[in-house]
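Taking it in order: structure first as structure tokens, then the write-up.
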């Protein structure tokens, strides 16, 4: 017999799991005794929609869900700048587009219109470098500069 879960029950279990983990659960975190992610998809259009309904921070690779209910403002510019500065301190250099980070590079580009503008807003590069700065070479670690045409 198939058990139908209510949205209220699913949200309660999602919040309970988040409290245990200390973070927003992913679909892989939902296993017995919790309802599987399949149960959430039966009630919601997406996992992100269930996460938002539960009042939790999204945990997807873009850091936001673009729909009418959520306009993509999960990460404020201030939080993103803070994360970029922290990543810079962790790496002991300016982060490049190839570095793994959260929010991801695409989120920075969407929010600031370019990676370099995000670096500038964080105070990691000069205004004069916005159109020319390309980051660091992944193996040598040397700064790469060049002119880009836009």
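Here, each number is a calculation from the coordinates, and none is a lab measurement. Bear in mind the structure is a predicted one, so any value in this text is a computation, not a measurement. A quick note on method: Cβ atoms are made from the backbone with ideal geometry, for glycine too, and the neighbour counts reach across all protein chains shown.
Calculate the spin-label point distance for residue 4 paired with residue 21, positioning each point 7 Å from the Cα along the beta-carbon direction, and give it in nanometres.
Placing both labels 7 Å along Cα→Cβ, they lie 2.8 nm apart.
Ranked highest first by the average count of other Cβ atoms within 10 Å around their residues, in what order do 24-32, 107-115 fall?
Most protected by this proxy first, the peptides run 107-115, 24-32.
If N is the number of residues in the stretch 85-127, what value comes out of its Cα radius of gyration divided by 2.2 N^0.38 Å?
Cα-based Rg divided by the globular estimate yields 1.04.
Once R0 is set to 22 Å, what does the formula 1/(1 + (r/R0)^6) return for the Cβ-Cβ distance between residue 78 and residue 104, expressed as a FRET efficiency to the nearest 0.05? It would help to have the intermediate numbers written out before the result.
On the way: r = 18 Å, r/R0 = 0.80.
The computed FRET efficiency comes out at 0.80.
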